[in-house]
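The values are calculated or read from the model by the stated rules, or taken from the named source; none is laboratory data. What you see is a predicted model; the values in this text were computed from it and never measured. Please note: Cβ atoms are built from the backbone with ideal geometry, for glycine as well, and neighbour counts cover all protein chains shown.
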């Protein structure tokens, strides 16, 4: 099969990805073999390719927003039938026995593994997944539309919950790419007033089209104090600006898996008045099931730019520029 691998992690301009031929994977016990139809292009893929995240698997195949068709199963797998359409997310596996798993916080499992980082992902024609960590895709989402929901959507949903936005409150979104534009749609549908702060002019225009109350630069102050904020951009220097924009008692959630270092914070200016900073680590399967149900009910629709499989490296280069409208998706197999 054809697959893109991280030949050697480094700046995307140096072309760290290479298109190669690999053997078709075989599903292990409890796993299904999936023919990849589409795969979303996520910023985490960029972090894996550029080495912002430590190498967990040499020459790994990136990609973890995978929509595909089940074409085989390993011993003991029986949840899905051949021909079923499934989604494969970032969270691939947890131990199931630690205190985090047993308390409903499997996203904090120290033995967790991740698609496209610990195991080959969706920048390939086939992949495998433990059947308990795959999702059924709601029928109203086609293969391209469904892909960004599987990480950008799910992580954005968890970040929205972690941000503790009060009913009818004011939410600031810093960065407005694949995840933020889905989070904005959910928040707006729930009656939240959304303010977007991002560097890209096209992204700001897009935010206003979706219904944001305002859209400014990431280092501007929003026109009103915020009850909550989420930083999606991997830029730690934005943190002081976001904290200063919060009302007393407000919460700032950091949604990225990788963020650059923070500058010094001033306690009185940035932290006092019971402001809270929290991070977001991966997601639980419950987050995924809840989000897909909500997305189907509310009619959440990602804005997508589709790339042929052969241009996966170019898709990541475009993502690295930053002024992206919505989410990129690779068309890998025959798909709607």
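State yes or no: is residue 59 over 22 Å from residue 153 (Cβ atoms), touching a strand residue (DSSP E or B) at 6+ places or on another chain (Cβ under 8 Å) and in a loop (DSSP other than H, G, I, E, B)? Explain how you work it out, then say what you get.
Details: over 22 Å from residue 153 (Cβ atoms): yes; touching a strand residue (DSSP E or B) at 6+ places or on another chain (Cβ under 8 Å): yes; in a loop (DSSP other than H, G, I, E, B): yes.
Yes, satisfied.
So, of the residues in segment 19-56 that are part of a loop (DSSP other than H, G, I, E, B), touching a residue at least 24 places away in the same chain (Cβ under 8 Å) and more than 20 Å from the chain's Cα centre (by Cα), which turns out to be nearest to residue 127 (Cα to Cα)? I'd like the intermediate steps shown before the answer.
Pass one, segment 19-56, residues part of a loop (DSSP other than H, G, I, E, B): 22-30, 42, 51-56.
Applying the additional criterion that residues be touching a residue at least 24 places away in the same chain (Cβ under 8 Å) yields 22, 24-30, 42, 51-53, 55-56.
Filter once more, keeping what is more than 20 Å from the chain's Cα centre (by Cα): 22, 24-30.
Numbers: 22: 11, 24: 8, 25: 6, 26: 8, 27: 8, 28: 11, 29: 14, 30: 14 Å.
Of everything passing the filter in segment 19-56, 25 is nearest to residue 127 (Cα to Cα).
Across segment 249-265, which residue is surrounded by the fewest Cβ atoms within 10 Å (Cβ to Cβ) among those that are out of contact with any helix residue (DSSP H, G or I) (no Cβ under 8 Å at 6 or more places or on another chain) and closer than 14 Å to residue 225 by Cβ? So that I can check it myself, show each step before the final result.
Keep residues of segment 249-265 that are out of contact with any helix residue (DSSP H, G or I) (no Cβ under 8 Å at 6 or more places or on another chain), which gives 249-250, 264.
Still in the running and closer than 14 Å to residue 225 by Cβ: 249-250.
Values: 249: 13, 250: 25.
Per the stated criteria, the residue is 249.
Restricting attention to segment 93-116, which residues are closer than 15 Å to residue 39 by Cβ and either assigned to a loop (DSSP other than H, G, I, E, B) or in contact with a helix residue (DSSP H, G or I) (Cβ under 6 Å, 6 or more places away or on another chain) (or both)? Lay out the reasoning, then the answer.
Quick first cut of segment 93-116, residues closer than 15 Å to residue 39 by Cβ only: 114-116.
Once the filter is applied, which keeps residues that are closer than 15 Å to residue 39 by Cβ and either assigned to a loop (DSSP other than H, G, I, E, B) or in contact with a helix residue (DSSP H, G or I) (Cβ under 6 Å, 6 or more places away or on another chain) (or both), segment 93-116 yields only 116.
For residue 86, state whether it is surrounded by fewer than 24 Cβ atoms within 10 Å (Cβ to Cβ) and over 27 Å from residue 153 (Cβ atoms). Steps first, answer last, please.
On the way: surrounded by fewer than 24 Cβ atoms within 10 Å (Cβ to Cβ): yes; over 27 Å from residue 153 (Cβ atoms): no.
When the stated conditions are applied, residue 86 does not pass them.
Does residue 333 qualify as being at pLDDT below 95, over 25 Å from residue 203 (Cβ atoms) and surrounded by 15 or more Cβ atoms within 10 Å (Cβ to Cβ)?
Working: at pLDDT below 95: yes; over 25 Å from residue 203 (Cβ atoms): yes; surrounded by 15 or more Cβ atoms within 10 Å (Cβ to Cβ): yes.
In short, yes.
Let's see how each residue does on (1) within 20 Å of the chain's Cα centre (by Cα); (2) closer than 17 Å to residue 148 by Cα; (3) loosely packed, with under 15 Cβ neighbours inside 10 Å:
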| position | (1), (2), (3) |
| --- | --- |
| 267 | no, no, yes |
| 270 | no, no, no |
| 280 | yes, no, no |
| 283 | yes, yes, no |
| 286 | yes, no, yes |
| 289 | yes, yes, yes |
| 298 | yes, yes, yes |
| 304 | yes, yes, no |
| 310 | no, no, yes |
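Taking residue 283 as meeting all but one of (1) touching a residue at least 24 places away in the same chain (Cβ under 8 Å); (2) out of contact with any helix residue (DSSP H, G or I) (no Cβ under 7 Å at 6 or more places or on another chain); (3) within 22 Å of residue 122 (Cβ to Cβ), write down the number of the exception.
(2)
What are the residues in segment 1-18 that are in a strand (DSSP E or B) and more than 19 Å from residue 115 (Cβ to Cβ), if any? I'd like the intermediate steps shown before the answer.
Step one: list which residues in segment 1-18 are in a strand (DSSP E or B), which gives 2-6, 17-18.
The answer is 18, and nothing else.
Quick one: would you say residue 71 is more than 25 Å from residue 318 (Cα to Cα), crowded, with 20+ Cβ neighbours inside 10 Å and more than 16 Å from the chain's Cα centre (by Cα)?
On the way: more than 25 Å from residue 318 (Cα to Cα): yes; crowded, with 20+ Cβ neighbours inside 10 Å: no; more than 16 Å from the chain's Cα centre (by Cα): yes.
So residue 71 does not fit the description; no.
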